[in-house]
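The values are calculated or read from the model by the stated rules, or taken from the named source; none is laboratory data. From a predicted model like this one, the values you see are computed outputs, not experimental measurements. Note: ideal-geometry Cβ built from the backbone for every residue, glycine included; neighbour counts use all protein chains shown. Just so you know, the surface numbers come from the protein's heavy atoms only, side chains and all, with ligands and any DNA or RNA stripped out. Shrake-Rupley method; radii C 1.70, N 1.55, O 1.52, S 1.80 Å.
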Amino acid sequence: DTIDRAKDVVPSMVFQLPEDAGMAKLVARAPDGTLVVYTTDEQAKTGYLLRIQGQSLKDTTEVKDTNLSAQAGPLALYASNDAALLVHAVSGRIILVKDSKIQELRLDITQPLAASFYEGNLYVLTAEEVYKIPDVTQGKTKATPWLAKGTTLGAGPLFLTVDGNV
């Protein structure tokens, strides 16, 4: 404990989800500190995006009939200050929620393996390439190769994380 300077802390409740909001599935934090939570009601086949600021619920957006949780592969939630993205990289589907409006986007990338979100851009990994989709929170889906020409990935890539570097 002295090496990493670990400290004992007691967890504290940030926000209590309302019982009728379903079960929390994914959580993301926007750069401005807003907590974004994706919950689902499996019986109604409905999801909810909750935006929580401080200890109060800012807004709730109902995400109906997307059937994202039933699809194979991981589902990810990314948040910017003004938008939230539910990304199912394997199917290439994105649900963009902005200003309480829902827009479904489709990636034109074959066999995506994983995705990562950084500063309003979505990065998508395939077996051969990393693609960048600039301004995905503006509803754009045009993907461009991101790696330098002639660069190859290692064999069998599984996931990527972007924070300015891959």
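Please enumerate the residues belonging to the stretch 23-48 that are of a type in the set (D, E, K, R), assigned to a loop (DSSP other than H, G, I, E, B) and touching a residue at least 24 places away in the same chain (Cβ under 8 Å).
Asp32, Glu42
For the stretch 88-114, what are the residues that are under 11 Å from the mean Cα position of the chain (by Cα) and either open to solvent by 40 Å² or more (accessible area, probe 1.4 Å) or without any contact (Cβ under 8 Å) to a residue 40 or more places away in the chain (or both)?
Result: His88, Ala89, Ile95.
Quick one: is Ala143 open to solvent by 20 Å² or more (accessible area, probe 1.4 Å) and modelled with pLDDT of 90 or more?
Here the answer is yes, as Ala143 does meet what is asked.
Would you mind finding the one in Leu160, Leu85 that is within 29 Å of Lys58 (Cα to Cα) and within 14 Å of the chain's Cα centre (by Cα)?
After applying the criteria, what remains is Leu85.
Any chance you could count how many residues in the stretch 26-44 are more than 18 Å from Ile102 (Cα to Cα), among the polar types (S, T, N, Q) and surrounded by 14 or more Cβ atoms within 10 Å (Cβ to Cβ)?
Within the stretch 26-44, residues that are more than 18 Å from Ile102 (Cα to Cα), among the polar types (S, T, N, Q) and surrounded by 14 or more Cβ atoms within 10 Å (Cβ to Cβ) number 1.
Using beta carbons and a limit of 6 Å, which pairs, at least six apart or on different chains, have the first residue in the stretch 74-86 and free of Cβ contacts under 8 Å to residues at least 60 places away in the same chain and the second one open to solvent by 20 Å² or more (accessible area, probe 1.4 Å)?
Leu77/Leu26; Tyr78/Phe117; Asn81/Pro31; Asn81/Asp32; Ala83/Lys98; Leu85/Tyr78
Given the criteria within 17 Å of the chain's Cα centre (by Cα), modelled with pLDDT of 90 or more, within 28 Å of Thr60 (Cβ to Cβ) and open to solvent by 60 Å² or more (accessible area, probe 1.4 Å), does Asn121 qualify?
Spelling it out, it is not the case that Asn121 is within 17 Å of the chain's Cα centre (by Cα), modelled with pLDDT of 90 or more, within 28 Å of Thr60 (Cβ to Cβ) and open to solvent by 60 Å² or more (accessible area, probe 1.4 Å).
Of all residues in the stretch 57-74, count the ones that are at pLDDT 80 or above and not in a strand (DSSP E or B). I'd like the intermediate steps shown before the answer.
Quick first cut of the stretch 57-74, residues at pLDDT 80 or above only: 57-63.
Among the residues that remain, those that are also not in a strand (DSSP E or B) are: none.
Selection size over the stretch 57-74: 0.
Look at Val97 and say whether it is touching a strand residue (DSSP E or B) at 6+ places or on another chain (Cβ under 6 Å), closer than 18 Å to Lys25 by Cα and at pLDDT 90 or above.
Considered against the rule, which asks whether it is touching a strand residue (DSSP E or B) at 6+ places or on another chain (Cβ under 6 Å), closer than 18 Å to Lys25 by Cα and at pLDDT 90 or above, Val97 comes out as yes.
Return the pairs, sorted by first residue and then second, in which the second residue is buried (at least 16 other Cβ atoms within 10 Å of the Cβ), the first residue lies in the stretch 119-148 and is of a type in the set (Lys, Arg), the beta carbons are less than 6 Å apart, and the residues are 6+ apart or on different chains.
Lys132/Asn121; Lys132/Tyr123; Lys132/Trp146
Residues of the stretch 124-140 being in a strand (DSSP E or B) and open to solvent by 40 Å² or more (accessible area, probe 1.4 Å), which ones?
Result: Tyr131, Lys132.
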